[in-house]
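Chemist: Below is the structure I would like to discuss, written out as structure tokens.
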Amino acid sequence: MTRAPRHTLHIVSGKGGTGKTTIAAALACALATRGRRVLLCEVEGRNGIAELFEVPDLTGGQERRISRTPAGGNVFGLAIDAEDALLEYLDTFYHLGLAGKALDRFGAVDFATSIAPGLRDVLLTGKVYEAVRRGVKGRPDAYDAVVLDAPPTGRIAQFLNVHEAVSGLAKMGPIRNQADSIMRVLRSSTTVVHLVTLLEDMPVTETEEAVAALAPTQIRVGTVIENMVTPSPLDHDQLAAAAAGGLKMAVPGLTTKQNTALAQEFAVEASRTQQHHQRHDRLAELSVPLVQIALDPAGIDEGAIFAIGDQLTDQLTLEAA
């Protein structure tokens with residue numbers, strides 16, 4: 001079992017199609033034990049969390065309970081929108097509640113976040129930061145842990161490095177102070193990034209690149225999660241022999257031609273499994289703890305999410321601070 005410090009913020013990223021939203025949801029459920037409250041956030045506007053848990057749309061900036069877990073906790077969902085976050089920011093720091101809404105009607109809010117993409121990332125991460133900080137402040141609506149379904153690995157370093165994002169926007173003032181506060185939390189020992197990948201070439205390459213890109217930010221990568229893994233009963237030598245076509249099939253009831261075709265098909269599958277093992281070895285060279293989640297051929301529903309959460313619990317120490 002991988003031993004890790006307690007974390008209050010878990011950031012989940014991965015190349016599109018690797019199942020990062022499913023893993024983020026499963027992680028939130030795994031953390032929600034014995035009465036704990038866990039917030040699961042998304043920032044990409046895809047409404048993926050609501051679809052996964054089959055609950056109403058989460059847009060509107062409201063936190064709603066989306067699941068009671070078998071372990072006795074509650075998972076809440078939040079879809080963070082940059083425009084809503086900016087209006088809240090204007091109201092908090094400049095008391096422009098009504099004026100901010102008027103700006104939104106004229107499209108000024110969208111214009112501001114379009115010409116300054118770094119501001120959008122500060123606003124999105126700022127909402128996550130606020131949710132994490134509730135526990136420190138002892139607020140009644142505090143969460144034991146926050147899980148962020150973050151942007152893909154190709155953009156994760158840029159998204160999280162909000163200090164760099166605002167360097168050209170503000171040297172001082174509320175925006176800069178907010179970015180500095182966010183970076184302190186992201187770089188703290190209570191924050192960890194999990195990178196989700198399939199054992200295919202492109203996702204593994206993006207994972208390697210994400211680890212390298214995150215290193216200068218001082219934001220810690222905690223685990224690489226290999227998703228949808230199909231275990232093989234064959235050892236290294238058996239796989240090599242099968243991939244080379246060295247296994248002879250003699251299935252009763254099949255003709256010689258059928259056995260030959262079956263052996264050829266098995267050789268293709270063995271070769272693919274060999275490649276998966278080689279990519280696993282590449283990931284092991286990153287010196288980051290690896291977690292494997294088995295492929296569920298039945299598909300993903302809430303029960304499958306809980307089952308993946310159990311696999312994460314078996315391989316990680318998951319405790320909310």
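Chemist: Classify the range 171-321: rounded, prolate or oblate, from the alpha-carbon gyration tensor (a ≥ b ≥ c, eigenvalue square roots; a/c under 1.5 rounded; otherwise prolate if a/b is larger than b/c)?
Modeler: Taking the square roots of the gyration eigenvalues as a ≥ b ≥ c, the range 171-321 is prolate.
Chemist: To continue, here is another question. R0 = 30 Å: FRET efficiency of GLN218 with ASP281, Cβ-based, nearest 0.05?
Modeler: After rounding, the FRET efficiency stands at 0.65.
Chemist: How much net charge surrounds VAL162 when only the other residues with a Cβ under 14 Å from the Cβ of VAL162 are counted, with Lys and Arg +1 and Asp and Glu -1?
Modeler: +2
Chemist: Can you sort VAL251, VAL128 by 1.4 Å-probe accessible area, starting with the largest?
Modeler: Of VAL251, VAL128, the descending order of accessible area is VAL251, VAL128.
Chemist: Between ARG187 and SER271, what is the spin-label point distance in nm, taking each point 7 Å from the Cα along the Cα→C-beta axis?
Modeler: The two pseudo-label positions are separated by 4.9 nm.
Chemist: Follow-up. Treat each spin label as a single point 7 Å out from the Cα along the C-beta direction, and report the ASP141 to ARG65 distance in nm.
Modeler: With each label placed 7 Å out from Cα toward Cβ, I get 1.6 nm.
Chemist: Same structure again: Give, as a single signed number, the net charge of other residues whose beta carbon lies under 11 Å from the beta carbon of GLY60, with Lys and Arg counted +1 and Asp and Glu -1.
Modeler: Taking every other residue near GLY60 into account, the sum is -3.
Chemist: Determine the sum of side-chain charges near ASP201: Lys and Arg each +1, Asp and Glu each -1, restricted to other residues whose C-beta is under 14 angstrom from that of ASP201.
Modeler: That works out to -2.
Chemist: Between rounded, prolate and oblate, where does the range 261-321 land on the alpha carbon gyration tensor, with a ≥ b ≥ c its root eigenvalues, rounded for a/c under 1.5, else prolate if a/b exceeds b/c?
Modeler: It is oblate, given that a/c is not under 1.5 and a/b is not larger than b/c.
Chemist: Okay, moving on. Along the charge dipole of the range 187-271, which of SER232, LEU214, VAL268 sits closest to the positive end, that is, farthest toward it, with unit charges on the beta carbon of Lys, Arg, Asp and Glu (+1, +1, -1, -1)?
Modeler: Positive-end residue among those listed: SER232.
Chemist: Based on the Cβ-Cβ distance from GLU164 to ASP57, what FRET efficiency comes out when R0 is 35 Å, to the nearest 0.05?
Modeler: 0.60
Chemist: Over the range 247-321, give the accessible area per residue in Å² for a 1.4 Å probe, as an integer.
Modeler: Per-residue accessible area for the range 247-321 comes out at 62 Å².
Chemist: Oh, and also: Between ALA304 and ARG134, what is the label-to-label distance in nm when each label sits 7 Å out along the Cα-to-Cβ direction?
Modeler: So the label points at ALA304 and ARG134 sit 3.0 nm apart.
Chemist: Using only alpha-carbon positions, what ratio does the radius of gyration of the range 218-273 give when scaled by 2.2 N^0.38 Å?
Modeler: Cα-based Rg divided by the globular estimate yields 1.66.
The values are calculated or read from the model by the stated rules, or taken from the named source; none is laboratory data. This is a predicted model, so every value here is computed, not measured. Cβ atoms come from the backbone with ideal geometry, glycine included; neighbour counts cover every protein chain shown. Just the protein is used for accessible areas: all its heavy atoms, side chains included, with ligands, DNA and RNA removed. Shrake-Rupley method; radii C 1.70, N 1.55, O 1.52, S 1.80 Å.
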